[in-house]
Amino acid sequence: MRTFKKGILSLLLAALMLTLAACDQNKQDYEKLKTDIVGIWCDINGPEYFENDGDPYYQIYEFTSGGMLAYHIITPNIASYYDFSYELRDNFLDIDGQMCKVSIENDILTMTNDSGDTKYRRMSMEEVCNFGVVYLDSDNYYKQLEYTDFFKTNWPDASAAAAETGAAETDISAETDAETNTETEDIAS
């Protein structure tokens, strides 16, 4: 009987250890999801293109580390956003009371609800800057500033490039004028 009790106790301890290990893995997965979701996302096929009375606009999505989801609307004239709060609960995303299952693999965000799966891809810093979006999340905002500062310091100044272009045009026009004058003299002779 004593051996039987030890066996049951051993099985209970093993089950408890497995349960604790599974809880620890779930906590690690949750923490990873919490950091991975922060960023700007667009439809898997690219930023969604819409028209409103013939005016084009794009819609992209930003999750901030502070629990805000912003729908960025980018038009040719202005970029604006609408914000909502979100909360992660295990692998579920709650956006102002609307729930969906969420997973992220290889920078692909998949949201699953009763309507099916919707997939988004993480936008690169270059894409974000090209669309004229300013990050609302403070950490990414500072990374964006560093990115644009790096870009500005590693590319020639626009005014210097324009001055070089103007100088080149002047040299070409002087050569063309000289050739024209020579041709005119040859015809006059």
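Side notes on the structure shown:
- Among the residues of this structure, ASP94 does not count as one that is part of a strand (DSSP E or B), exposed (fewer than 13 other Cβ atoms within 10 Å of the Cβ), out of contact with any His (no Cβ under 6 Å at 6 or more places or on another chain) and among the charged types (D, E, K, R).
- Of note, LYS143 satisfies the criterion of being open to solvent by 90 Å² or more (accessible area, probe 1.4 Å) and under 13 Å from the mean Cα position of the chain (by Cα).
- Some residue of region 24-32 being open to solvent by less than 40 Å² (accessible area, probe 1.4 Å) and either modelled with pLDDT under 90 or part of a strand (DSSP E or B) (or both): no
- Looking only at region 151-160, and only at residues there that are in a helix (DSSP H, G or I) and either within 14 Å of the chain's Cα centre (by Cα) or within 30 Å of PRO56 (Cβ to Cβ) (or both), the one that is modelled with the highest pLDDT: LYS152
- Cβ-Cβ distances below 8 Å connect the following pairs, each with a first residue in region 74-90 that is under 16 Å from GLU48 (Cβ atoms) and in contact (Cβ under 8 Å) with a residue 24 or more places away in the chain, a second residue that is hydroxyl-bearing (Ser, Thr, Tyr) and open to solvent by less than 100 Å² (accessible area, probe 1.4 Å), and a separation of six or more residues or different chains: ILE74/TYR57; ILE74/TYR58; TYR81/TYR71.
The values are calculated or read from the model by the stated rules, or taken from the named source; none is laboratory data. If you're wondering where the values come from, they're calculated on a predicted model, not measured in any experiment. Quick reminder, even Gly has a Cβ in these numbers, built from the backbone with ideal geometry, and neighbours come from all protein chains shown. All accessible areas refer to the heavy atoms of the entire protein, side chains included, with ligands and DNA or RNA removed. Shrake-Rupley method; radii C 1.70, N 1.55, O 1.52, S 1.80 Å.
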